[in-house]
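Participant: Structure in structure tokens, see below.
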């Protein structure tokens with residue numbers, strides 16, 4: 001029989017080696033595993049179900065907001081990718097080429113999509129005729145490939161799952177509204193579903209997407225105080241529609257190029273969940289996306305009636321919750337408790353002979369380890385309330401950390417001291433020159449995260465050069 | 001203003017040129033379009049929603065039957081593909097290779113998955129330890145790539161969407177049961193959801209999947225009498241688990257290789273729908289997967305109150321049905337009727353000033369063109385019944401055709417005469433030798449479709465060589 005401590009002892013200390021702790025959790029909670037294809041992971045059932053829960057929720061929100069799903073080819077002729085100069089420069093170092101197929105060398109190399117602005121643009125140009133055809137608000141759920149040098153499961157995989165929305169519009173204003181609308185939807189997904197507070201704003205020119213006029217971002221903060229870009233929404237203006245000839249007859253009967261956006265979230269969100277909520281006991285899953293919300297663990301399960309009662313509870317609860325029963329014979333309850341914590345299951349339900357006699361059971365919260373004894377007749381309502389409370393508590397914990405780890409810096413000395421002691425976000429003014437952004441990066445390892453929608457005024461001068469400040473920027477080291 | 005006939009006149013005559021009619025429908029009903037990537041299509045919103053409806057239904061059935069979803073890498077190192085001899089021989093001519101990535105030539109070529117037996121096997125070998133870990137019943141929804149020489153939208157695209165299930169089991173019997181169970185689920189999907197009757201059976205050795213011990217298939221029949229392989233389920237025995245070392249400690253404490261299956265359906269089913277149900281007016285969608293089940297077309301829509309009433313009906317109906325309202329100003333009702341038929345929408349709802357006065361509307365069935373006047377207070381129930389009736393009638397139409405087009409042949413002369421006059425299925429006995437199968441193919445263009453589970457005895461001798469018959473086989477020309 002396995003020892004009760006087996007799970008925990010094999011996980012790196014979260015405060016000593018967060019990076020190792022992270023990959024330990026990914027593997028031992030069976031979210032994903034490495035494969036023979038370097039830099040690419042296999043997402044296992046437990047990890048994939050988290051993604052399905054995120055995807056189903058997001059897809060519903062998208063559809064309520066007029067988004068239509070499509071599927072376009074994963075292979076893009078190289079010449080298409082090259083039509084927008086900044087875009088090809090941004091992605092060229094990271095692409096993978098198909099050069100042989102069907103037993104022959106290809107005349108033109110094909111790129112496995114790193115993103116699909118080019119494919120969408122060329123198809124939009126084929127379909128768009130009149131202002132009456134607009135807007136086209138399309139999205140695809142698919143995988144993309146970017147040949148990263150350093151990879152980390154979920155956070156930076158060569159192949160990853162995502163959704164990419166691509167839209168074209170009649171006016172600049174409508175396109176910009178869509179860009180912001182999608183960012184707000186992403187905020188809802190991350191805050192209301194994943195229980196992680198987000199920072200929301202606009203990227204500096206240096207940090208924006210290759211080919212975009214503006215990139216908007218939501219950023220989350222990890223337990224160890226690093227920023228994680230968790231969703232982006234781009235406004236392209238006519239940067240793609242001109243070279244790709246995406247034009248329409250406008251209401252005045254004149255030809256006009258459409259205005260374009262794109263936006264995406266990915267399986268990186270699973271990384272965000274692990275890094276925002278996890279603790280020394282393992283994963284801690286937000287109830288709304290947890291594949292298992294309640295796990296029933298029978299105590300003294302060979303005693304008469306225990307397993308039957310546990311199964312009866314499972315059947316009753318599965319109408320309202322995602323629930324399972326751990327009836328594995330080869331493990332002790334203690335081992336099962338550890339496993340349940342490692343996997344981040346929000347509620348553990350213990351039921352043994354005495355509980356059955358008393359018509360009750362024990363609920364143990366993953367987030368606070370709090371134990372409560374509950375009458376079986378109140379069980380559904382108690383679990384419902386507890387799941388809600390767990391969500392709120394998990395959000396609050398992250399929000400408190402975010403507040404604690406957000407500091408103001410007025411000069412480079414302050415900036416360096418803060419980032420080296422506490423990581424986190426730094427609020428500081430910026431003159432608008434990329435040189436200062438580069439210098440900050442070089443000295444501190446911090447990138448500009450975003451210019452928030454509501455800019456604050458924390459000093460008059462740039463934190464780096466001391467010249468008059470133009471923007472309020474939030475900075476941080478990143479994953 | 002566009003002419004009412006605009007749509008119909010651009011579609012090839014279904015009886016004169018079925019192949020051209022098919023691609024016309026695909027494009028003009030906006031299911032899909034060609035792209036700059038040769039042999040790969042773009043699935044447009046209307047086509048993708050059909051796929052989503054199939055996928056959601058299938059995924060639910062799968063999960064009820066113990067299937068868990070995963071996502072594994074699309075790139076497979078060439079050396080992995082080569083571990084099973086028949087498998088690599090079967091797929092080698094059709095694979096695409098990634099040879100350069102991240103600015104460098106790769107040491108080992110990577111194959112874009114044509115199917116994932118190899119990737120699943122190598123990962124199963126990593127995770128499988130004991131009989132307690134079995135079965136593993138995993139599935140992924142993804143795209144695969146096969147470099148076909150001749151392509152046709154949905155039926156044979158280089159890249160296509162599908163699900164591939166891969167399972168490993170403790171015993172041969174359990175694996176075989178899973179193989180058959182999945183075939184039955186496919187039968188349910190195609191018959192109950194798509195309203196297409198299927199032929200079900202086992203492939204001959206010549207026609208089975210590369211590397212399989214047995215391949216089971218469901219076959220559908222197109223309007224022009226050709227067979228379409230619409231779903232397959234394979235039993236592998238230990239063909240992959242031995243070379244991939246997928247072994248476990250069995251209940252006796254000894255090492256044993258697992259028993260494996262795989263099974264898949266794809267967007268080819270959309271092709272099956274078009275080819276089974278379509279007619280001279282366009283697409284005809286089975287109600288259960290139609291993205292729009294009811295389209296409301298207002299008559300004299302600028303008359304006071306018409307558009308408001310139409311919108312009111314839309315809102316009322318959308319609780320129970322997938323419904324939309326065609327309020328486009330630039331088109332006449334006649335044009336809209338044609339568009340509605342072209343897109344295969346099961347029910348057209350017409351409402352004009354007089355109908356409103358009388359508290360009624362007109363329902364027009366796509367399948368029979370039958371018109372009925374319906375009181376608005378009975379509308380929901382009438383539509384519900386009509387959709388059910390449309391499904392049943394569509395199934396019956398296909399079943400009648402299937403019966404009409406199934407013939408018995410006792411010798412090659414009969415075989416050739418039948419196939420050249422009526423196409424369809426031919427029931428004939430076979431000696432079991434591949435030479436006869438090859439000869440039939442050469443002379444008639446017909447392949448063996450399957451050996452049905454319930455074999456009939458239509459003669460004593462092989463339809464080709466006249467030697468004693470071993471099997472009852474159904475034959476047909478294929479897409």
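Taken together, the values in this text are just the output of simple stated rules run on the coordinates, not laboratory data. Quantities reported herein were computed from a predicted structural model and do not represent experimental measurements. Ideal geometry is used to build each Cβ from the backbone, glycine not excepted, and the neighbour counts take in all protein chains shown.
Participant: Return the tail of the calculated pair distribution for chain B, meaning the percent of Cα-Cα pairs more than 42 Å apart. Walk me through the numbers before you get to the answer.
Facilitator: On the way: 29545 of 114481 pairs.
Tail of P(r) above 42 Å: 26 percent of Cα pairs.
Participant: Divide by every residue of chain A the summed helix terms, -39500 (n - 2.57) for each DSSP H run of at least 4, and state the resulting mean residue ellipticity at 222 nm, rounded to the nearest 500 deg cm²/dmol.
Facilitator: -10000 deg cm²/dmol
Participant: Summarise the long-distance tail of P(r) for segment B:14-277 by giving the % of C-alpha pairs beyond 33 Å. Each step should come with its number before you reach the end.
Facilitator: Working: 7625 of 34716 pairs.
That fraction is 22 percent.
Participant: A further question on this structure: Can you list the copy-to-copy distances for residue B:329, using a point 7 angstrom from Cα toward Cβ, in nanometres, shortest first?
Facilitator: 7.5
Participant: Sort A:331, A:240, B:415, A:453 by Cβ crowding within 10 Å, fewest neighbours at the top.
Facilitator: Values: A:331 18, A:240 27, B:415 22, A:453 11.
Ascending number of Cβ neighbours within 10 Å: A:453, A:331, B:415, A:240.
Participant: Moving on. Running Debye on segment A:12-102 with equal point scatterers at the Cα sites and no solvent, what base-10 log of I(q)/I(0) appears at q = 0.18, 0.23, 0.24 Å⁻¹?
Facilitator: The computed values of log10 I(q)/I(0) come out as -1.08, -1.07, -1.09.
Participant: Which residues in segment A:159-185 place their backbone N less than 14 Å from a point set 7 Å from the Cα of residue B:59 along the Cα-to-Cβ direction?
Facilitator: It comes to A:162-163, nothing else.
Participant: Which percent, to the nearest 5, of DSSP beta bridges fully inside segment B:294-401 are antiparallel? List each step's numbers first, then the result.
Facilitator: Details: 9 of 17 bridges.
Counting DSSP beta bridges with both partners in segment B:294-401, the antiparallel share is about 55 percent.
Participant: Also: I'd like the orientation of helix A:412-422 relative to chain A: the angle between its Cα long axis and the longest Cα principal axis, in ° from 0 to 90, rounded to 10.
Facilitator: The two axes meet at around 30 degrees.
Participant: Still on this model: Taking neighbour Cβ counts within 10 Å as the exposure measure, how do B:289, A:292 sort from fewest upward?
Facilitator: Exposure proxy ranking, most exposed first: A:292, B:289.
Participant: Further question on the same structure: Please average, across the residues of A:42-55, the number of beta carbons from any other chain that are within 10 Å of each residue's own beta carbon, and give a whole number.
Facilitator: For peptide A:42-55, the averaged partner shielding equals 4.
Participant: If you don't mind, there's one more thing I want to ask. With axes computed from alpha carbons, what is the tilt in degrees of helix B:268-277 against the longest principal axis of chain B, rounded to the nearest 10 within 0 to 90?
Facilitator: The two axes meet at around 50 degrees.
Participant: Cα atoms only, segment B:344-410: Rg and Dmax in Å?
Facilitator: Considering segment B:344-410 through its Cα atoms, Rg and Dmax are 16.8, 65 Å.
Participant: May I ask for the distance between the Cα centers of segment A:285-322 and segment B:272-334, given as a whole number of Å?
Facilitator: Here the answer is 46 Å between Cα centres.
Participant: Right, another one. Does segment A:216-267 classify as rounded, prolate or oblate by the C-alpha gyration tensor (a ≥ b ≥ c root eigenvalues; a/c under 1.5 gives rounded; else a/b over b/c gives prolate, otherwise oblate)?
Facilitator: prolate
Participant: Give the Debye-formula value of log10 I(q)/I(0) at each listed q (0.17, 0.21 Å⁻¹), with one equal scatterer per alpha carbon of segment A:185-334, two decimals each.
Facilitator: At q = 0.17, 0.21 Å⁻¹ the computed log10 ratios are -1.00, -1.21.
Participant: Something else now. When Rg is the radius of gyration of the Cα atoms in segment B:294-401 and Rh is its Kirkwood radius, what does Rg/Rh come to?
Facilitator: 0.98
Participant: Working from Cα positions, state the angle (0 to 90°, nearest 10) between the long axis of helix B:18-28 and the longest principal axis of chain B.
Facilitator: 60
Participant: A further question on this structure: I need the inter-copy label distances for residue A:308: point set 7 Å along Cα to C-beta, values in nm with one decimal, smallest first.
Facilitator: 6.5
Participant: Under 25 °C and 0.890 mPa s, how fast does the protein assembly as shown diffuse according to Stokes-Einstein, given a Kirkwood radius computed over C-alpha pairs? Answer in µm²/s, whole number. Before the final figure, lay out each step's value.
Facilitator: Numbers: Rh = 30.9 Å.
Estimated diffusion coefficient is 79 µm²/s.
Participant: Under 25 °C and 0.890 mPa s, how fast does segment A:251-326 diffuse according to Stokes-Einstein, given a Kirkwood radius computed over C-alpha pairs? Answer in µm²/s, whole number.
Facilitator: For the chosen part, D equals 145 µm²/s.
Participant: Fewest first, what order do B:355, B:17 take by the number of other Cβ atoms within 10 Å? Spell out each step's value before the answer.
Facilitator: Working: B:355 20, B:17 12.
The fewest-first ordering by Cβ neighbours comes to B:17, B:355.
Participant: Can you give the Kirkwood hydrodynamic radius for segment B:108-264, in Å, rounded to one decimal and based on Cα pairs?
Facilitator: Hydrodynamic radius (Kirkwood, Cα pairs) of segment B:108-264 is 16.7 Å.
Participant: Treat segment A:406-476 as a sphere of radius equal to its Kirkwood radius over Cα pairs and apply Stokes-Einstein at 20 °C in a medium of 1.002 mPa s; give the translational diffusion coefficient in µm²/s, rounded to a whole number. Walk me through the numbers on the way to the answer.
Facilitator: Working: Rh = 11.5 Å.
This corresponds to a translational diffusion coefficient of 186 µm²/s.
Participant: Here's a follow-up. Indicate, rounded to the nearest 5 percent, the antiparallel portion of the DSSP beta bridges found entirely in the protein assembly as shown.
Facilitator: On the way: 147 of 177 bridges.
Of the beta bridges lying entirely in the protein assembly as shown, close to 85 percent run antiparallel.
Participant: Next up: Is there a simple number for the mean count of other chain Cβ atoms within 10 Å of the Cβ of residues in B:98-111, and what is it?
Facilitator: Values: counts 10, 7, 7, 12, 10, 5, 1, 2, 4, 1, 2, 2, 6, 3.
Average per residue, whole number: 5.
Participant: Give me the inter-chain shielding for A:73-82: mean count of other chain Cβ atoms within 10 Å, whole number please.
Facilitator: Across the residues of A:73-82, the mean count of other-chain Cβ atoms within 10 Å is 4.
Participant: Between the label point of residue B:59 and that of the same position in each other copy, find the distances and list them shortest first in nm, with every label point placed 7 Å from Cα along the Cα-to-C-beta direction.
Facilitator: Reported distances to equivalent positions: 0.3 nm.
Participant: Roughly what % of DSSP beta bridges within segment A:406-476 run antiparallel, to the nearest 5?
Facilitator: Bridges in segment A:406-476 are about 75 percent antiparallel.
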